[in-house]
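The values are calculated or read from the model by the stated rules, or taken from the named source; none is laboratory data. Just so you know, these numbers come straight off a predicted model, no measurement behind them. No Cβ is skipped: glycine too gets one built from the backbone with ideal geometry, and neighbour counts run over all protein chains shown. These area figures cover heavy atoms from the full protein model, side chains too; ligands, DNA and RNA do not enter into them. Shrake-Rupley method; radii C 1.70, N 1.55, O 1.52, S 1.80 Å.
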Amino acid sequence: MQFPRDFLWGTATSSYQIEGAANEDGKGKSIWDVFTHAPGTVKDRSNGDVAIDHYHRFREDIRLMAKMGIRNYRFSISWGRILPDGTGTVNEKGLAFYSELVDCLLENGIRPFCTLYHWDLPYALHLRGGWLSPDMPEWFANYTTIVADALGDRVKDFITINEPQCIIGSGYALGVHAPGLKCCAADIVRAAHHLMLAHGRAVQVLRAHVPGVRVGYAPCGDPCVPYTNSPEDIAAAREEYFTVHIDEKVGPAWNIAWFSDPVMLGQYPADGLVGYEQYLPDGWQEDLKTIHQPLDFYGQNIYQGQWWRRGADGKPEHVRYPAGHPHNALEWPINEGGLYWGPRFLYERYHTPILITENGMDAHDAVSLDGKVHDPNRQDYMHRYLRALGQAVADGVPVLGYFYWSFFDNFEWAHGYQERFGLVYVNYQTQERILKDSAYWYQQVMATNGENL
Ligand code: FCB
């Protein structure tokens, strides 16, 4: 496959999932610190207190990345390490950690991509309303200013918010992620609006404080994949992908267009407004000007895909997977068409270069008798998905890069440590790292710029 010469091959992680050191060096508690310690929240009753201890082992970890040929690394900052109360006094030790991490990456020839918010909201801000509070956009802008001033001389690539749909959908609608709320549709719409406003404010701050900054947003969503390549099925999949269905229970929590049109186009989708305009806070039209900031790339986390076709009644029709359809260990169906049609449909609608900020597969990996970790399923998953992405590139979609989720096995939120997404196996008892077969395979992909796919 042919990828652009400057294609960004990388891997991704997030603070709470790898750092550990939950109560060290002045860090404030996040909603995840509190949530994971409450009974019944995490499947294996684990938490991120220690995780893979990256906070203490980051130098070795980055050397391992460099050895593997990784040139781009997406990590996130724990807001509460820098501002233990979310606002107010800065914790210099927390800032120093990220500054040293960035230096270490650069010394190892790795370009840092910094995500400002990957779910670990300071608990103190949650107690003041969290995403339901109209003050969140300014709290976020203040935090962004501190990060931009401290790291912006060396970090030029920023992602504001990771998976807004999961933040609101899992955290505020279903209650399966921190902070564990089950809000009504009115509050969900309001929280989502504050979140997008926070994104817009952060972009403004980054542009004002970081010369030469490149900034994007990283929403998610399962692409609707046409069941066949007929024009009817393609049109039906596209229509469904961007439709906002009115759901009185979870509101627009999981929707692509609801969370992207305001950011990318400066407007809420008209079909969604029919049901949800009533819940938007006063002044929402004015806010859209702040929400809609020009972006350098439109990030997207894509793992799955769902088949859609044109139904006999003329409406898009969901095509269920047959029994035995392949899926990952979390039972997410495997459909590489998602990494072709997702970028294609998203570029058609938003006209902004796409960056795949996450894609990956979890499996029941284990160390074999030979001491190695053989993970042919992951390799096959990556191979399929990367070929689909290469085809999107060949068909004219500007895709800037691909970040595999994740470099290491780590704490997978409500699923704990049971399933593994990493290219690098982690023994959680000894903290030993072992490169899986897929890591060596991805090394070749990066080294040949995808020509071996
Ligand atoms: C995404 C999250 C990431 C990780 C992967 C598997 O939803 O952004 O932190 O958990 O899924």
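Does Arg420 fit the bill of being touching a strand residue (DSSP E or B) at 6+ places or on another chain (Cβ under 9 Å) and closer than 19 Å to Glu19 by Cβ?
When the stated conditions are applied, Arg420 passes them.
Among the residues of region 373-386, which ones are in contact with a Phe, Trp or Tyr (Cβ under 9 Å, 6 or more places away or on another chain), more than 16 Å from the ligand (Cβ to nearest atom) and of a type outside the set (Val, Ile, Thr)?
Answer for region 373-386, where residues must be in contact with a Phe, Trp or Tyr (Cβ under 9 Å, 6 or more places away or on another chain), more than 16 Å from the ligand (Cβ to nearest atom) and of a type outside the set (Val, Ile, Thr): Gln379, His383, Leu386.
What do you reckon, is Glu451 of a type in the set (D, E, K, R), closer than 30 Å to Ile167 by Cα and either out of contact with any Cys (no Cβ under 8 Å at 6 or more places or on another chain) or within 16 Å of the ligand (Cβ to nearest atom) (or both)? Reasoning before the result, please.
Values: of a type in the set (D, E, K, R): yes; closer than 30 Å to Ile167 by Cα: no; either out of contact with any Cys (no Cβ under 8 Å at 6 or more places or on another chain) or within 16 Å of the ligand (Cβ to nearest atom) (or both): yes.
It is false that Glu451 is of a type in the set (D, E, K, R), closer than 30 Å to Ile167 by Cα and either out of contact with any Cys (no Cβ under 8 Å at 6 or more places or on another chain) or within 16 Å of the ligand (Cβ to nearest atom) (or both).
Out of Leu339, Leu280, which single residue is of a type in the set (A, V, I, L, M, F, W, C), under 19 Å from His194 (Cβ atoms) and touching a helix residue (DSSP H, G or I) at 6+ places or on another chain (Cβ under 8 Å)? I'd like the intermediate steps shown before the answer.
Working: Leu339 fails: under 19 Å from His194 (Cβ atoms).
After ruling out the rest, the residue left standing is Leu280.
So how many residues does region 355-365 have that are more than 9 Å from the ligand (Cβ to nearest atom), without any contact (Cβ under 8 Å) to a residue 60 or more places away in the chain and open to solvent by less than 60 Å² (accessible area, probe 1.4 Å)?
Number satisfying all stated conditions: 3.
I need the full set of residues from region 114-131 which are surrounded by fewer than 17 Cβ atoms within 10 Å (Cβ to Cβ) and touching a residue at least 12 places away in the same chain (Cβ under 8 Å), in order please.
Keep residues of region 114-131 that are surrounded by fewer than 17 Cβ atoms within 10 Å (Cβ to Cβ), which gives 127-129.
Within region 114-131, just Arg128 meets the criteria.
Residues checked against (1) under 25 Å from Ile159 (Cα atoms); (2) of a type in the set (A, V, I, L, M, F, W, C):
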{"site": "His245", "(1), (2)": "no, no"}
{"site": "Val250", "(1), (2)": "no, yes"}
{"site": "Val263", "(1), (2)": "yes, yes"}
{"site": "Gly266", "(1), (2)": "yes, no"}
{"site": "Trp284", "(1), (2)": "yes, yes"}
{"site": "His292", "(1), (2)": "yes, no"}
{"site": "Gln300", "(1), (2)": "yes, no"}
{"site": "Gly311", "(1), (2)": "no, no"}
{"site": "His325", "(1), (2)": "no, no"}
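Would you pick out the residues in region 34-49 that are more than 16 Å from the ligand (Cβ to nearest atom) and either in contact (Cβ under 8 Å) with a residue 12 or more places away in the chain or among the hydroxyl-bearing types (Ser, Thr, Tyr) (or both)? Even if it seems obvious, please write down each step before you answer.
The initial filter retains those residues of region 34-49 that are more than 16 Å from the ligand (Cβ to nearest atom), namely 34, 37-40, 45, 49.
Answer for region 34-49, where residues must be more than 16 Å from the ligand (Cβ to nearest atom) and either in contact (Cβ under 8 Å) with a residue 12 or more places away in the chain or among the hydroxyl-bearing types (Ser, Thr, Tyr) (or both): Val34, Ala38, Arg45, Asp49.
Looking only at region 350-388, which residues are in contact with a Pro (Cβ under 7 Å, 6 or more places away or on another chain) and more than 20 Å from Gly305 (Cα to Cα)? Give the derivation first.
Residues of region 350-388 that are in contact with a Pro (Cβ under 7 Å, 6 or more places away or on another chain), as a first pass: 353-354.
Scanning region 350-388 gives a single hit, Pro353.
Quick check: is even one residue across region 102-113 under 30 Å from Gln418 (Cα atoms) and either within 16 Å of the ligand (Cβ to nearest atom) or open to solvent by 10 Å² or more (accessible area, probe 1.4 Å) (or both)?
Scanning region 102-113 turns up at least one residue that is under 30 Å from Gln418 (Cα atoms) and either within 16 Å of the ligand (Cβ to nearest atom) or open to solvent by 10 Å² or more (accessible area, probe 1.4 Å) (or both).
Quick check on Val203: is it in contact with a strand residue (DSSP E or B) (Cβ under 8 Å, 6 or more places away or on another chain), open to solvent by 10 Å² or more (accessible area, probe 1.4 Å) and modelled with pLDDT of 95 or more? If you could, list the steps in order and put the result at the bottom.
Numbers: in contact with a strand residue (DSSP E or B) (Cβ under 8 Å, 6 or more places away or on another chain): yes; open to solvent by 10 Å² or more (accessible area, probe 1.4 Å): no; modelled with pLDDT of 95 or more: yes.
Criteria not met by Val203.
Out of all the residues in region 4-25, which are within 16 Å of the ligand (Cβ to nearest atom) and assigned to a strand (DSSP E or B)?
Listed by number, the residues that qualify are Gly10, Thr11, Ala12.
Could you go through region 397-408 and let me know if any residue there is open to solvent by 30 Å² or more (accessible area, probe 1.4 Å) and more than 15 Å from the ligand (Cβ to nearest atom).
Looking only at region 397-408, we keep the residues that are open to solvent by 30 Å² or more (accessible area, probe 1.4 Å), and these are 398, 400.
Filter once more, so that each one left must be more than 15 Å from the ligand (Cβ to nearest atom): 398, 400.
Yes, the conditions are met somewhere in region 397-408.
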